[in-house]
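A short reminder: the numbers here are calculations on the coordinates, not readings from a lab. As the structure is a prediction and not an experimental result, all values here were calculated from the model. Every residue, glycine among them, receives a Cβ derived from its backbone with ideal geometry; neighbour counts consider all protein chains shown.
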Amino acid sequence: MSFLRQRKTTSQIPLYTGLQIQTSSSAVPIQIVYGANKIAPNVIWTGGFSYTTEKTKAGKGGGSISGYDYRCGFALGLCEGPINAVGGVWSGQSITYLWNLGLGLFYGSMPQTPWGYLTASFPGQDLAYGGLAYVATASFDLGSSPSLPSLSFDVHGLLVGTGLINSWDANPALVIQDLLTNPQYGVGFPAASIDSTTLLGGSGGSSYQAYCTAAHLALSPVLANQEAASSILSRWLQLTNTAAVWSGGKLKFITYGDAPLTQSGVSFIPNVTPIYDLADDDFVISDDADPVEVVRSDPFTAKNWVTLETLDRNNWYDATPVQVWDQNAIELYGLHMDSSITAHEICEPSIGRISAQLLLQRSLYVRNTYQFKLGFEYCLLEPMDLVAISDVGLGMNKFPVRIVSIEEDGSGILSLTAEDFTGGAATAAAYPVQAGSNTALDHGVSPSPVNQVIIFEPPPDLTNGVAEVWIAISGGLAPIYKLADGTTGES
């Protein structure tokens, strides 16, 4: 035996003296959750790390260490509070609940009482975290790994259930009002500068709030990253078929809805009466220009297939594409698919289908624009107003259009751009949508019997002379066995 032979060593499991943290940062913004949605937490405190040894069965030489069992206390920040509740908890690939994990919930009230465990065991570290919803535990069983498992939480946050469509989603009008004006986390927009008549209102009006409820539109957005408020607002309004207009020192919210709707006891009655009937005598004509110039878009460029990537609350908040299309337009002009729109604010497929249908109908039926000029006496007109146009040369007699922009030159002449107003195009028919399901596979079930797979080259007569390889597979019969009473059966 060579004295240079390497000595055998016994592998030891490394001993950790602290929690291995993977998701903690002091630079990330505190999330804002409206309605109910799934979010990932951020570690805000850890302490009380401990371990116990696990030994093999003792022999002549005594037992040896085979592993360690780790435990630790921690607090995980969720989002702005106060929240309503926490539903399911995703721990790795399984779903459980707070009490099964030994987690306590702090709702994020203002003010908020500090965690009693920190006050007693770690004085000086017992921050109240006022306004922050978080979960905490004094001793969490980490198992053989000193790292936290991957945890996500179904948070029922701000304005949950205010959409009146279900128990979770929030009304977009209330969400926008809170985001713009909340003194703690809002963008600081003056409440006095919001036209509350167009934003908020009960049944029987034309407000944005009434429209969203009656049209079956509700959102559960999560604001987890830094983003311009104008970008957030534009996305939410696009998904809910509405436009924001700044006029007269007020921010107004005007929906494209063009038909009466009723849902959850709330009625929406749109204002579809043109404000003015404009004829040739009303237009300001310069040089040899036509009173009304029409720009017609090519129907071959209109998108006739729209896809929204939504979340499905009934399927563990998995990303779910919602697709709508117009078969008649596809057959006439070919398939023209729009780029997929990420809409994780929508957590119900039925809501996603209505939103996608409204986007599709607007793409197909609002394609023409109209440009004309008016005198300063029409200065009270605003974008989203309806006017009727009569132009003999174009064969238009009280043709309704919707104003989309107004510009004023130095002499007070107003240059207006309008779009088609086609009654019914801004209203989506309600169709039932099958909810997704996520049934776990039972890997303990014995597989069904199959016959032996046959791989062969078919004769040229069957493949028109093309060299191919075919595979044949079929289900087999279960083996026959004899029972104790003499009868037979299949296993």
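The calculated FRET efficiency for the pair Asp280 and Ile95, based on their C-beta separation and a Förster distance of 45 Å, comes to about 0.10. Shown for the range 32-156 is the translational diffusion coefficient from the Stokes-Einstein equation, using the Kirkwood radius over Cα pairs, a temperature of 10 °C and a viscosity of 1.306 mPa s: 100 µm²/s.
Rounded to the nearest 20 debye, what is the charge dipole size of the chain about its Cα centre when +1 sits on each Lys and Arg Cβ and -1 on each Asp and Glu Cβ?
3240
Across the range 172-268, C-alpha contacts under 8 Å between residues 6 or more apart give a mean separation that, scaled by the residue count, equals a relative contact order of 32 percent. Per residue of the chain, the DSSP helices (runs of n ≥ 4 H) give a summed -39500 (n - 2.57) that works out to -4000 deg cm²/dmol at 222 nm. The ranking of Val387, Val450 from fewest to most other beta carbons within 10 Å of each one's beta carbon is Val450, Val387.
Taking each residue as 0.36 nm, the span from Asp290 to Ser234 lengthens on full extension beyond its C-alpha to C-alpha distance by 16.8 nm. Computed over the chain, relative contact order equals 11 percent, with contacts defined as Cα pairs under 8 Å that lie 6+ residues apart.
Counting alpha carbon pairs within less than 8 Å and at least 6 residues apart, what relative contact order, in whole percent, applies to the range 125-188? After rounding, I find 13 percent. Considering only Phe153, Ser203, Val366, the residue lying farthest towards the positive end of the dipole of the chain is Phe153, judged by Cα position with unit charges set on Cβ.
Of the peptides 173-182, 392-401, 259-268, the ranking by mean beta-carbon count within 10 Å, highest at the top, reads 173-182, 259-268, 392-401.
Extension gain for the segment Ser167 to Trp246, taken as residue separation times 0.36 nm less the Cα-Cα distance, is 25.1 nm to one decimal. Extension gain, Thr119 to Asp409, is 97.7 nm, computed as 0.36 nm per intervening residue step minus the present C-alpha separation. Roughly how many nanometres apart are two label points built 7 Å out from the Cα toward the Cβ at Asn182 and Ser339? In this crude spin-label approximation the distance works out to 2.9 nm. Here each label is just a point 7 Å from Cα along the line to Cβ, and for Val466 and Ser297 those points are 4.1 nm apart. Calculated FRET efficiency, Gln226 to Ser139, Cβ-Cβ distance, R0 = 30 Å: about 0.25 to the nearest 0.05. Helix screen, the chain: DSSP H segments with Cα axial length of 18 Å or more and mean Kyte-Doolittle hydropathy at least -1.0 are 349-365.
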